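Engineer: Following this message is one structure expressed as structure tokens.
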Amino acid sequence: MTAKFAHIFWDWNGTLLDDAWLCRDVMNGMLRARNMPEMSETRYMEIFDFPVVRYYERIGFDFAVESFEVLGMTFIHGYEARRAEAQLHPDSRQSLQRLAAAGMPQSILSAYQHDTLVRLVTEWGLRDFFHDLHGQDDHYAAGKLPQGQRALERLGIDPATALLIGDTAHDAEVAQALGMTCWLIPGGNQPPSRLQATGCPLFPSRSAAIDHLLG
């Protein structure tokens, strides 16, 4: 199976890092501070989306009262203050190790701010698993298509030979726009029903995806 792909791109937040619960908790703190109703896990997964500004609109924020830029930075500051609470998914490190042992080049394609992404991946001791890391220029998570295009050009990869593994419908949209294959893993930021609607293969875990990839 690995012969089909020349490069594996991983999403970070929600896919390798188990932080969807933290994102919801930080946002609920912002909602409490503004006397707005908090989100259940189900509600969060139903409305989370890219670009993230769309998600903020669905929550009910009024940008005439507080700009998206101010709200976005408030969220980032809250998340960064607690980011050490988030852990890798239990099978993330092992999955990366298995692909590395098989000689499969890997990179990260993330909506996270690039410099912070590099720091976190390094702090987790994962940097050596990745050929390259591709994050955003800012904290506002507009989407991953532009850096996906740059990543393919920089690495000289035929998109038809690349696989993106993620946890959201946006990963599927990016992969389709770039001509890449996409596999999705529930348990991150969006429910299985939204992932199934993309038509991409779903795997119950990172380990299951790697079993299929190496099988």
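The values are calculated or read from the model by the stated rules, or taken from the named source; none is laboratory data. Remember, it's a predicted structure, so these values are computed and weren't measured experimentally. Don't worry about glycine lacking a Cβ; one is built from the backbone with ideal geometry, like all the others, and counts go over all protein chains shown. When the accessible area is computed, the model is the full protein with side chains, heavy atoms only, and any ligands, DNA or RNA have been set aside. Shrake-Rupley method; radii C 1.70, N 1.55, O 1.52, S 1.80 Å.
Engineer: Rounded if a/c is under 1.5, else prolate if a/b beats b/c, else oblate: with a ≥ b ≥ c from the C-alpha gyration tensor eigenvalues square-rooted, which is the stretch 136-215? Write down the numbers at each step before the final one.
Structural biologist: On the way: a/c = 1.94, a/b = 1.24, b/c = 1.56.
It comes out oblate by the Cα gyration axes.
Engineer: Let me see the pair-distance distribution of the chain: every alpha carbon pair, 10 Å bin width, integer percents in order.
Structural biologist: 8, 36, 37, 16, 3, 0
Engineer: Under the definition of Cα pairs under 8 Å and six or more residues apart, what whole-number percent is the relative contact order of the chain? Present the calculation step by step, with values, prior to reporting the outcome.
Structural biologist: Working: 325 pairs, mean separation 62.4, N = 215.
So the answer I get is 29 percent.
Engineer: R0 = 35 Å: FRET efficiency of ALA6 with ASN35, Cβ-based, nearest 0.05?
Structural biologist: On the way: r = 52 Å, r/R0 = 1.48.
It comes out at approximately 0.10.
Engineer: Summing Lys, Arg as +1 and Asp, Glu as -1, what charge do residues with Cβ under 11 Å from the Cβ of PRO204 carry, PRO204 excluded?
Structural biologist: On the way: positive: ARG206; negative: ASP91, ASP211.
For residues surrounding PRO204, the net value is -1.
Engineer: Something else now. Rounding to the nearest 10 and keeping the result within 0 to 90°, find how far the Cα-based axis of helix 68-82 lies from the longest principal axis of the chain.
Structural biologist: Relative to the chain, helix 68-82 is tipped by roughly 70 degrees.
Engineer: Whenever you get a sec, compute what percent of the accessible area on the stretch 141-187 sits on carbon and sulfur atoms (1.4 Å probe).
Structural biologist: On the way: 880 of 1750 Å².
Summing carbon and sulfur atoms, their accessible area is 50 percent of the total for the stretch 141-187.
Engineer: With r defined as the distance between the Cβ atoms of ARG127 and ARG82 and R0 fixed at 30 Å, what FRET efficiency is calculated, to the nearest 0.05? List each step's numbers first, then the result.
Structural biologist: On the way: r = 23 Å, r/R0 = 0.75.
So, using R0 = 30 Å, E works out to roughly 0.85.
Engineer: Pull out a ≥ b ≥ c, the square roots of the eigenvalues of the alpha-carbon gyration tensor of the stretch 65-127, then state rounded if a/c is under 1.5, prolate if not and a/b is larger than b/c, and oblate in the remaining case. Mind dumping the intermediate values first?
Structural biologist: Values: a/c = 3.19, a/b = 2.30, b/c = 1.39.
Note, shape of the stretch 65-127 comes out prolate.
Engineer: In Å², what does the accessible area per residue of the chain work out to with a 1.4 Å probe? Before the final figure, lay out each step's value.
Structural biologist: Numbers: 9480 Å² over 215 residues.
That works out to 44 Å² for each residue.
Engineer: Could I ask something else about it? How high is the relative contact order of the stretch 1-76, in percent, counting Cα pairs under 8 Å that sit 6 or more residues apart? Each step should come with its number before you reach the end.
Structural biologist: Working: 23 pairs, mean separation 15.2, N = 76.
This gives 20 percent for the stretch 1-76.
Engineer: FRET efficiency for THR74 and ARG150, Cβ-Cβ distance as r, R0 = 25 Å, nearest 0.05? Spell out each step's value before the answer.
Structural biologist: Details: r = 29 Å, r/R0 = 1.16.
The pair THR74/ARG150 has a calculated efficiency of 0.30.
Engineer: What percent do you get for the relative contact order of the stretch 137-215 when only Cα pairs under 8 Å and 6+ apart count? Walk me through the numbers before you get to the answer.
Structural biologist: Numbers: 95 pairs, mean separation 18.3, N = 79.
Reported relative contact order: 23 percent.
Engineer: Can you say what percent of the DSSP beta bridges in the chain, counting only those with both residues inside, are antiparallel? Round to 5. Provide the component values of the computation, followed by the final result.
Structural biologist: Numbers: 2 of 19 bridges.
Taking every DSSP beta bridge with both residues in the chain, the antiparallel ones total about 10 percent.
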